[in-house]
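Accompanying notes for the structure given below.
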Amino acid sequence: MVNITKPGKGTHIEHSDNVSATNNTITWDGELFKIVPKSFFAAAVDGEILQIVFCALMFAIGLCKVPSRNVRQAMISFLHALSETMFKVTGLVMNYAPIGIGFSIAATVGKNGLGVLVSLGKLVGVLYGTLAIFIIV
């Protein structure tokens, strides 16, 4: 639908040309070596999801190997409390996300003019039209 209606046609938004194209070739041995991170925190900061999953998997295996049931239960109860806390933090972020989106739209309109909202409206209209077609068909 977007290829047919072209809702962003005619919109000129300034962008920076600082994006550099990298020519990284992917190899099996390179990917296997990238699975093991230097540290959990380095993987978390760099956003390496596969490395984070590897750390979580190794932590879970190590936790299963602990012989004392009391130590395992203490760690599991701590992680349960930590997950509840993180869900509360996520809830707070989700409650304030519309304010951030509003500021982002305001900055974009302030920089590029009200014509950007027309293009955004067309895009949202195409989205809803496509969703209606999917529901009907």
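The values are calculated or read from the model by the stated rules, or taken from the named source; none is laboratory data. This is a predicted model, so every value here is computed, not measured. Ideal geometry is used to build each Cβ from the backbone, glycine not excepted, and the neighbour counts take in all protein chains shown. These area figures cover heavy atoms from the full protein model, side chains too; ligands, DNA and RNA do not enter into them. Shrake-Rupley method; radii C 1.70, N 1.55, O 1.52, S 1.80 Å.
Annotations
- Residue-averaged [θ]222 nm for the chain, counting only DSSP H segments that reach four residues, each worth -39500 (n - 2.57): -25000 deg cm²/dmol
- Proximal lysines to Lys65, defined as alpha-carbon separation beneath 24 angstrom and excluding residues fewer than eight positions away on the same chain: Lys38
- In this structure the stretch 26-85 gives 83 Å² per residue of accessible area when probed at 1.4 Å with all protein chains present.
- Expressed as a whole percent, the accessible area of the stretch 74-137 that falls on carbon and sulfur atoms is 79 (1.4 Å probe).
- Length added when fully stretched, Val45-Ile76, from 0.36 nm per residue minus Cα-Cα: 8.7 nm
- FRET efficiency estimate (nearest 0.05) - Cβ-Cβ, Ala132 to Lys6, R0 22 angstrom: 0.70
- Whichever lysines have a C-alpha closer than 28 Å to that of Lys6, once near sequence neighbours (fewer than 8 apart) are set aside: Lys111, Lys122
- Protection proxy ranking of 35-48, 62-75 - average other beta-carbon atoms within 10 Å, highest first: 35-48, 62-75
- Under the Debye formula (equal points on every Cα, no solvent term), log10 I(q)/I(0) of the chain at q = 0.17, 0.18, 0.19 Å⁻¹: -1.09, -1.11, -1.13
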